[in-house]
Each structure stands twice: as C-alpha cells, then as structure tokens.
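*Asks:* Have a look at this one.
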Amino acid sequence: MKKNLFFASFTMLLLLILSSSGCKEKEDLKDRFFSIEEADMNLEFGSTPENKIILVKTNLSLNDWKAESEANWLFLSTQEDASQGASLKISATANTSGERRTAVVKLLSPVQNYILNVTQYGSSDIVLSEDIKVQPSGGKASECQPGQDIENTWDGKFSADGANPYHSPWGKSANFPVTLEYYFQGGADIDYLIYYTRSGNGNFGEFDLLIATDEGHSDWKKYGSYNFRMQNAPSKITFKTTQKVTGIKFEVKSGASNFVSCDEMEFYRYNQENTLEKTLLTVFDDITCSTLKEGVTDEQINALPDYFVRLAKALQNNTYDAHEKEFRIREYAPYSIPEEWATKLMTKKYSNLDNPTGISVQQGDEIIVLVGDTHGQQISLQSIWESGQEYKQTNVSGEVYFLSPGVNKLTMRKEGQLFVMYNTDLTSPDAQPIKIHIPMGSGKVTGFFDLKEHKTDEKYAELLKKATHKYFCVRGERIMFYFHTAKMQEFVPNQILSAINLWDDIIGWEQELMGIEDVRPSQVNNHIFAISPEGSYMWATDYCIGFVYTYLNNILLKENVMAAKDNAWGPAHEIGHIHQAAINWPGSTESSNNLFSNYVLYKLGKYCSRGSELNDLADSRFVYKKAWYNMGDATHQGEDTEIHMRMNWQLWNYYHRCGHNPKFWQTLFKLLREDRIIESDPGAAQLKFAMKASEAANEDLTDFFDLWGFFIPGEDTIDQYGTWKYKVTAEMIKEAKDFMKKFPKPKHAFQYIEDRKAGDTGLDTKPSDTGYYTQFEGEVKPISSNIVYSVSGRKYTVENGENAVAFELRKNNAEGELIYFFNMFSYDIPTGVDLTNTQLYAVQADGKRIEIHKK
C-alpha cells in the first residue's frame, strides 16, 4: 500500500512540474511573434533557375523556426541580417520537363505554422508560327573577289563560323555602284528582307533597291533608296505591302573602307497562321499582355499556354512584383539616328543605346518579347556585354534581334543587358512611343535610373541596391552612365542627381557653343554613352566615351569634380573631341577641343582658364620664327596644345564674355558646317577658318590671325593621328586676306586679350599686367600721357602703363614691322630678338599705338 502511495505521490508531483513547465512556456511565448505576408503563401517560379526571398516578421531566433519541403528541386535557407531582418530564401532549379510542377514548403515555429504552395512552370510551351524563309534560285554580282561570290549570301553559313561571305575584289576600291541581283524562279511573295554584315570592310552604306516582276527579271523598277550607314549590325527592310517579285537588286553606292560585302541576305514572307495571338487577345487587352480584359474568367486564363497562365494570374491577383513590372512593361521613345546627325553636325557619333530595358540575359536564355503597335517603325533588341584580353571594356554593339509586332520568341546568342534599338526620323508622324513587355521568366531584372522618370536620390538608392548585373545604367537628359555597379555602390550609393545634372550641363554647354539649338532636341536627341573600362584612362570615340573605373569617384561626386581643375578639364576635353570636327584640322586636334574645356571651366565658375602665357606666342613668332602649325614645343601628338588653345579662347573672351558678338562661335560652327574644312589639306583649312571667323564676326580679323602665324608661306608635313601635307602659298594668303578685308576692322586690338589675373583659383601661369578682358568692355580708357620706359640690358620696364593692353617693339615707327610684344610692366626681351632701330609702343584697347618715351 505504501508502495502504491509513493507512485501516486510521484505521479502527482510530475504532473505539477509538467503543468508548471507548460504554463511557463506559454508565458514565454506570449510576447513572441512570427508571420509572413499572405501574398507569399502562393509562389510561382518560371522555368529557369530562380530565387525568391520571403520576409519573416519575427522576434524568434533563427534556431527557433525552420522551413522544410520534400521537393528535391527546391532548396531552402533561413537567414537574418541587420537591414531586412529574418527571411526565407527559396531557390528553384531549372524545370526542363515542359510540364508544370508543384510543391509544398512548411514554415514551422512555436508561434505559428504556415503552408506555402509553390508552382514552377515548365520550359516554354509557346509555339510560334515562324515566318517563311524564301530561298533565291540564283543571283549575280557585278564584281567579286574569287571564291567570295554572291551565292555565299544564301548558303545559311556565316563568316563568324568560318564561312566565306560575298566580297568585292580585295586590294582596290569597289567599282561603285556594285550590283547584287537575287532571282526567284516563278516569282515569290516577299514581305521583308534582312541584310547581315560581316562586321568590317564592305558594310553597306547608301544603295538603291530595285524590283523585277517580269519572267526574265530584266525590267528593274526602283522601290526606294536606303542607307545602312556601314554599321556593324544587321539591317532590315520591311515592304509596305507584300511584293510579288522575280528579282531583287541592290545598287550599292558606298561601303565601309570603299568595299562591298554581305555575309547573308535573307528574304521572308509572313506566316498568316497565328492562332496564339488570337487566343491571347481573348484574355488580354492588347498583344503586349500587360492588362487583362474586364470580366475575364479563370477558364479562359487556364486555356492559355502555361507561360501566359502565370502572367495572367499575376495580373489577376496583383502579384506581379512592382519592381519587376516597372522594367518589364515599358513604353520606349523614339531616338534619332546618330550616324546621320554625326554627318550633319560634324560630330563623332553619339550613342544609339538610348533605350535601356534594365533586363539582363545569359547565353542560351529563351525569352518572350511582346511588342505593341510599332507604327511601321523598325525596332530590335541588342544585347550589350564586354570584351577584351588585357582588360575588360563594355562593348557598344552586340547581338541584334529584330522585333515584330506581336509575340517574339528569341534565343539569346550571348549574355548581356538588353537595349531597345528604336532610331528613326523624329519629324515623322510615325515616330511614336512603342509599348513592349518582356514578361516574367524572360531575362532578369536589374533595373536602371532615369532622371526624368525617377527624379530623386532616394529612388536611385533603392534601384541601385536592387541591381543584379555587373553594370548599372543612369540616363540623364544628355548623358548616360553605364558604369560598374560595384563602383557606383562604393562611390555614390545614395546620391546621383548632382553628378547626372552636372554632366548633363557640361554636355549642354558644349552643345550651346556649337549652335545646334534649332535641331536639338526636336530632331536629334541621342545621348553620349559613358562607360567604365577596367584599363586605359579616359578617351572619346564614336558611340561612347570611357573613364577608367578606378577614376569614377572623380566623375560621380560633384565635390570631387570641383576639387581639382583637371577633374573637370579632362572629361570636358574628351567630350570636346566628340564636338570639334567643324573647327578642327591636322595640327589642331588636341587643342581645338579645348575651347569646350575652357568654356566648361568658365561655366563651373571656380577655376580660371588654361593655356600658355601670351609671351610664349611672342617667343614662337618672333624668336623661333614659327607659324601656327608648328609653334611651341610639341607635347600632344606633335602639337603644343597650351599655346594653340589660347587663340580660340581669345575669340570667345572678346566676342562672348565682353559681349561684342555673343553668337560668334555658334555662327562660326554653322558656317563651317555649311562650307567644310577639308581635313587632308591643313594649310587651306587654317585659312578657311580665318576667313569664316571674319564672316562670323563681320569683322576683318587679319591682324588677329597674322599674330597667330596663319599667313606665313611654307610647306611641311604634320604628324598628328596620321601624316598630312601642309602647304600655304602667297597666293592662298592673298586670297584669304582679300576675302577678310571686305569686312570692317574690329574696334579693339583683342589679339592681346587675357582673362587671367593674380589671385585666380587654379592659376598655373605667370599673370600678365595688361590686357585683362575688362579693358575691352565699355569705353576705352586712354593711356596715360605720363607713360615712360627704362632699359637695363635687355630688360624693359614700363611706368604708368596700366591702361595699355600690350607693349610692342616695332621697327622705326608705329606702322613698322612688329619685332616683339610683351604684356608685363617689366620684361626681359629674348636674345633672339634684334632690337636695332626699334621703338616701344603702348597698345591701347582700341588698337591705337602710343609711342613711349624713354625715362
């Protein structure tokens, strides 16, 4: 009995302990919480490998909750970090089965359990009715390289794979026009054609397209004129209506490097059997599949291919991720054709990558692109990646995929970020925005920042944080940054507005000098595309400018740009190379662009201008007897840029800063676009520049350009980005001066103008005592009657010469030969100057010479 009593007592004690423990556990859990969003309880994955992060609101430790699933294609991991707290990462492997598969994920905790239903769709079950390729039955070329005749253009083999293309004869210019004729026995219906380049010599430029309909394809009729702009990318011509033809002829008038080549020429007719699009339009409002029809039923949705079922349900249930949706469904604006405007405005080619998608792809990815009304415009996708052996650098062209209205199914040949290529005539009424949808599961959203659309630094920081690709794009009004994401996260994780606005302004200031406000942005609106190569330093070329990625902190932080004179100067110099062609000729290539650099410094308002002191000009002209083309000590490609850059800047200071002709440079650019400098004749080029400058100023600038060494006969060679024959004759000089003298003389001797003085920020030369630009403004101040000079050896010292702009040593009298000049009150005349029979004169701002008497 005692034994039974003992067990009874023990049992009662154990129950009391357990009861106490249970109460304690409930007490401990009273303040605990564990929850997820209801929207996260039903998850859908595409067929490609994909990760999803489920945020968990909890104050439990990671050890107190877990996730599990029996599906061997799902991988689960619980994680926690300071920024987003606890979360569950669900990773799905690729589903190549073509069938939809489902799984359950259990999320377990002492507070609350959740069941997550997971669906992964199979690889695309979308079957498109492809357009029908029409094979030529024969053809003929007017000339060819042996073994590279026209039949190579319809063999289905590309030169990138080792096949031979068509090519005009090597070693000599093509005999233009080169004709390529394609025959279609019995006639064929053609809706469009695609020309594939070999990306090199011979890419088509201008050509006429002719069509034959007669049996012998001999009666050719012109269909239209085209220009493929010699670009390293395929080009497409779509006929307005189906053409029933027996022959198609290309009369090629120009080609890259004066050759003609063609890798493949493909002809197509539309496939009229397109049941998929009809089915989609029973569910979606339009073929971009971005909104559902009102009242659409589950039955209608489930009748679609799986790919579109997922899309429709995401729209129906409002589970289409907002960040994904922002970049997957967009309207793309038209942009101008950079090749055409580079020719018209005499610039390097701006970018054609104006329309980023914010979506990246991998090689082999299969994507769907849903295209709305194209308004008859040609559009395509281009995948941009990088290349390089010594160092990596972003390419500015890549694989091109033509797009048609409706459903496009594309297989990516290479990895990269996708850009919509939509370049057209902006004055056309058909230049309208085009809506494109790249649905979920097609590529990976990395995003981009657009100044006009996203507006704030806060939005930029959000988008940059979500970026998944190596490069991140920022689009301003005039410039686009396409820089290393990691560098942007390092240097500017939270702010971009100051940088993008600054560089938009810098490009805008350069464009302002060019006088293109009548066409930009109404007719030309392309951006300058800035990339961040992993080597080199900084440079400019067609389609892009480069700033080495280690330098980006000096580009992306305005305070860094402003911290040193060269931080703005260098990039402005490179951008100036893009804009300088109208005012440039060999011997000036590394200085004429510095007109823009000095203007940028002026507009930034902190640093003084750059370039040599004017006494370097005096030495070059009167000691070393140099002309314009070879003056000074060559430092950049055979040119003394520090001397040369001062000439253009003097013109700006006098006409713009002093207000004597505020449209001078704009007018000069326009005149030189209308009557262009011939690069191959630098002697004639410099004289044309002087004549056009006089025309733009409406003043005879003979004295100005004479001091700068323009009117010195001679023959020589110039080595600058090539070798050029330089020739200036007495007859050429007379012709130029005769043209210039029909204009009135300027009111000032502004060949002596200076804009730098002691105390200027960034001053890196010895400042002059006379000729400051304010002396050329307003009423001219007369030179003091008490002006005198003294001489000690070869040192001339002037007293009371404050109102002079320079001091000249001339032979015999004021009209005599100019022997030397200086703009200091005390100056040592170089030993190479013959002072015999010279007289010293003070030059007043209005050009009057006042004889200075010896003290």
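*Asks:* Can you pull out the helices (runs of 4 or more DSSP H) entirely within the range 537-618 that have at least 1 residues that are open to solvent by 10 Å² or more (accessible area, probe 1.4 Å) and acidic (Asp, Glu)?
*Replies:* Counting at least 1 such residues, we get 558-561, 565-579.
*Asks:* Taking the range 109-131, which residues are assigned to a strand (DSSP E or B) and loosely packed, with under 14 Cβ neighbours inside 10 Å?
*Replies:* Answer for the range 109-131, where residues must be assigned to a strand (DSSP E or B) and loosely packed, with under 14 Cβ neighbours inside 10 Å: Ile115, Asn117.
*Asks:* So, one more: Condition (residue is free of Cβ contacts under 8 Å to residues at least 60 places away in the same chain, more than 25 Å from Leu381 (Cα to Cα) and crowded, with 16+ Cβ neighbours inside 10 Å) applied to the range 255-272: is it met by at least one residue?
*Replies:* No: zero hits.
*Asks:* Suppose we keep only residues that are among the basic types (Lys, Arg) and surrounded by 15 or more Cβ atoms within 10 Å (Cβ to Cβ) within the range 78-108. Which one would you say is farthest from Asp306 (Cα to Cα)?
*Replies:* Arg101
*Asks:* Let me ask something else. Please tell me if Glu266 is in a strand (DSSP E or B), closer than 15 Å to Cys144 by Cα and in contact with a strand residue (DSSP E or B) (Cβ under 7 Å, 6 or more places away or on another chain).
*Replies:* When the stated conditions are applied, Glu266 does not pass them.
*Asks:* Can you tell me which condition Pro433 does not meet? The list is (1) over 20 Å from the mean Cα position of the chain (by Cα); (2) at pLDDT below 95; (3) not acidic (Asp, Glu), and all the others hold.
*Replies:* All conditions pass for Pro433, except number (2).
*Asks:* Here is a list: Thr723, Thr717. Which entry is farther than 21 Å from Asn598 by Cβ, open to solvent by 30 Å² or more (accessible area, probe 1.4 Å), within 34 Å of the chain's Cα centre (by Cα) and among the polar types (S, T, N, Q)?
*Replies:* Thr723
*Asks:* Take the range 176-215 and flag every residue that is assigned to a strand (DSSP E or B) and open to solvent by 40 Å² or more (accessible area, probe 1.4 Å).
*Replies:* Passing the criteria: Gln185, Gly186, Asp189, Tyr196, Glu206.
*Asks:* Here is a further query. So which strands (runs of 3 or more DSSP E) stay within the range 330-416 end to end and still have 1 or more residues that are at negative phi, of a type in the set (S, T, N, Q) and free of Cβ contacts under 8 Å to residues at least 60 places away in the same chain?
*Replies:* Correct list: 379-384, 406-411.
*Asks:* Show the residue pairs that are 6+ apart or on different chains and have beta-carbon atoms under 8 Å apart, the first residue being within the range 524-537 and within 21 Å of Ser336 (Cβ to Cβ), the second being assigned to a loop (DSSP other than H, G, I, E, B) and of a type in the set (Lys, Arg).
*Replies:* So the pair list comes out as His527/Arg478; Ile528/Arg478.
*Asks:* Would you mention how many residues in the range 48-69 are in a strand (DSSP E or B), polar (S, T, N, Q), surrounded by 15 or more Cβ atoms within 10 Å (Cβ to Cβ) and out of contact with any helix residue (DSSP H, G or I) (no Cβ under 9 Å at 6 or more places or on another chain)?
*Replies:* Total meeting the criteria: 1.
*Asks:* Same structure again: Which residues, counting only those in the range 405-430, are under 24 Å from the mean Cα position of the chain (by Cα) and open to solvent by 10 Å² or more (accessible area, probe 1.4 Å)?
*Replies:* Result: Arg413, Lys414, Glu415, Met421, Asn423, Thr424, Asp425, Leu426, Thr427, Ser428.
*Asks:* OK, next. One residue is enough: does the range 284-293 have a residue meeting the conditions closer than 30 Å to Ser218 by Cα, of a type in the set (Ser, Thr, Tyr) and at pLDDT 95 or above?
*Replies:* no
*Asks:* Of the residues that make up the range 354-368, is at least one among the hydrophobic types (A, V, I, L, M, F, W, C) and under 27 Å from Ser522 (Cβ atoms)?
*Replies:* The answer is no, given that none of the residues of the range 354-368 is among the hydrophobic types (A, V, I, L, M, F, W, C) and under 27 Å from Ser522 (Cβ atoms).
*Asks:* Let me ask another. Given the residues Glu699, Glu695, which is the only one that is open to solvent by 10 Å² or more (accessible area, probe 1.4 Å), among the charged types (D, E, K, R) and either touching a Pro at 6+ places or on another chain (Cβ under 6 Å) or modelled with pLDDT under 95 (or both)?
*Replies:* Glu699
The values are calculated or read from the model by the stated rules, or taken from the named source; none is laboratory data. Being a predicted model, the structure only gives us computed values, none of them experimental. Here the Cβ is made from the backbone with ideal geometry for all residues, glycine too, and neighbour counts use every protein chain on show. Heavy atoms of the whole protein, side chains included, go into the accessibility calculation; ligands, DNA and RNA do not. Shrake-Rupley method; radii C 1.70, N 1.55, O 1.52, S 1.80 Å.
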